[in-house]
Amino acid sequence: RLMSAKGAAAVLMDIKTGEIISLASLPDFDPNDRPRPLTSGDQGDSPLFNRAVQGLYELGSTFKIFTTAQAIEERLVSRTTWIDTTGPLKWGKHRIRDFRDHGKALTVEDVIVESSNVGTARIAMMIGAERQQNFLYDLGLLTPTSVELIEAPGAKPLLPKNWSEIHSMTISYGHGMSASPLHLATAYATLLNGGTKVTPTLLKRDEVELGARVLSENTSKQMRDFLRAVVTRGTASLGEVAGYQVAGKTGTADKPKPQGGYYEDKVIATFASVFPADDPAYVLVVSLDEPVETSGREPRRTAGWTAVPVAAEVIRRIAPLLGLAPDIEPDTSASVT
């Protein structure tokens, strides 16, 4: 309500087992007073629609970490490689720009921290469309999830028919394909748990069954470092929760119009996070539909102002319930020696 969003979704997942600890979709309903299915308009606006599983959205800059992870894994770049982020980046009639033009080169790590579309697109050009598709497939982003819900098989990601270089460039920063918040949570779990494949499930798993290796432990750790820096000095500064080392990536995607094109003042704002960053236990994805934060002089819609503080408040409340003790340096200023 504080963000005036028309809808929201959240997924909390065990990063190692893929267990879904909590799944939320708003607006919700009372099962004892079940609403009727919509007969017209956008079915995604119905309380019966599971936004976390069925909702297919362009998830914006949350995808950028997949691009840098693949490029580092395939030794095309290192975290300190300089990438030209001068914009706009031209491809035919298309122009790729940053939300704020950096006008300079950034390291691969800072491409993530500063969330540069131009820098990420240049890295995607090094990877190429075919290799990009293979990596996203391994992360589970190109097929329906296998979670034990009746609506899951129908939630097939929306992909370009012809995956050309320009599609590769835009998909690298989360535009041009649509997936669900559950897809995103699963991919982040695989990417950040040490690099082994995760399969989402509602069933309790007492033992960790390691899936196929998707990327190395070293690359996985570097991505956690990148995402931690996004919180400590980047676009998700409002995501810090004392004692829990939150790491994550913001994503603000313009919302598509039904008749084509995009709205100028409507977005899907997403924050994909992991905590604690030094020893990951859980992934939390929060996605808001058309949020607006109005405490300042002008309305703010970016994920850093909307989805991030919501996720931080969720983590602050649930981390103790999950049995995670905060890691806080003791105050020795008044100690007796």
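The Cα-based radius of gyration and maximum Cα-Cα distance (Dmax) for the chain are 19.5, 73 Å.
Over the Cα atoms of the range 9-158, the radius of gyration divided by the Kirkwood radius equals 1.06; this is the Rg/Rh ratio. Derived scalar couplings between HN and Hα for the range 122-138 equal 5, 5, 4, 5, 5, 6, x, 5, 5, 5, 4, 4, 4, 5, 5, 5, 4 Hz in order, rounded to whole Hz, by the Karplus curve 6.51 cos²θ - 1.76 cosθ + 1.60 (θ = phi - 60°), x for Gly and Pro.
Once the 1.4 Å probe is applied to the protein heavy atoms, the chain comes out at 49 Å² accessible per residue. Charges were assigned to the Cβ only: +1 to each Lys and Arg, -1 to each Asp and Glu. The resulting dipole of the chain about its Cα centre is roughly 900 debye. Highest mobility in the GNM of the chain, judged by mean-square fluctuation with C-alpha springs under 10 Å and restricted to L322, L56, L48, is found for L322. The smallest convex shape that holds all Cα atoms of the range 151-249, its convex hull, gives 160 Å³ per residue. Cross-link partners for K104 among the aspartates and glutamates, with Cα-Cα distance under 17 Å and sequence neighbours closer than 8 places in the same chain left out: D84, E114. Sequentially through the range 13-29, phi angles give Karplus couplings (6.51, -1.76, 1.60; θ = phi - 60°) of 9, 5, 5, 9, 9, x, 5, 8, 6, 8, 9, 10, 9, 10, x, 9, 8 Hz, Gly and Pro residues having no value and appearing as x. Between R95 and E151, residue separation times 0.36 nm minus the direct Cα-Cα distance comes to 16.5 nm. Across all directions, the average flat footprint of the convex hull enclosing the Cα atoms of the range 57-136 is 5.3 nm².
Globularity index of the range 161-310 is 1.13 (Cα radius of gyration / 2.2 N^0.38 Å, N = number of residues). Considering only T120, G140, P27, and ranking their Cα positions along the charge dipole of the chain that arises from unit charges at the beta-carbon of Lys, Arg, Asp and Glu, the one farthest toward the positive end is T120. Where the centre of each part is set by its Cα atoms, how far does the range 74-103 sit from the range 193-228, in angstrom? Computed from Cα coordinates, the inter-centre distance equals 28 Å. Leaving out ligands, DNA and RNA, and with a 1.4 Å probe, what % of the accessible surface on the range 1-154 is carbon or sulfur? C and S fraction of accessible area: 50 percent. Pairwise inverse Cα distances across the range 235-329, averaged and inverted, put the Kirkwood hydrodynamic radius at 14.1 Å. A 29 angstrom limit on the alpha carbon distance is what I want to check against. Which of K16/K255; K90/K221; K156/K249 exceed it? Listed pairs above 29 Å: K16/K255; K90/K221. Computed as a quarter of the hull surface, the mean projected area of the alpha carbon convex hull for the range 93-203 stands at 8.3 nm². The alpha-carbon atoms of the range 197-261 define a convex hull whose volume equals 202 cubic angstrom per residue.
Only the Cβ atoms of Lys and Arg (+1) and of Asp and Glu (-1) were treated as charged; on that basis the dipole of the range 200-247 about its Cα centre amounts to roughly 140 debye.
The values are calculated or read from the model by the stated rules, or taken from the named source; none is laboratory data. None of these values were measured; they are calculated from a predicted model. Ideal geometry is used to build each Cβ from the backbone, glycine not excepted, and the neighbour counts take in all protein chains shown. The area values use the complete protein model at the heavy-atom level, side chains included, leaving out ligands, DNA and RNA. Shrake-Rupley method; radii C 1.70, N 1.55, O 1.52, S 1.80 Å.
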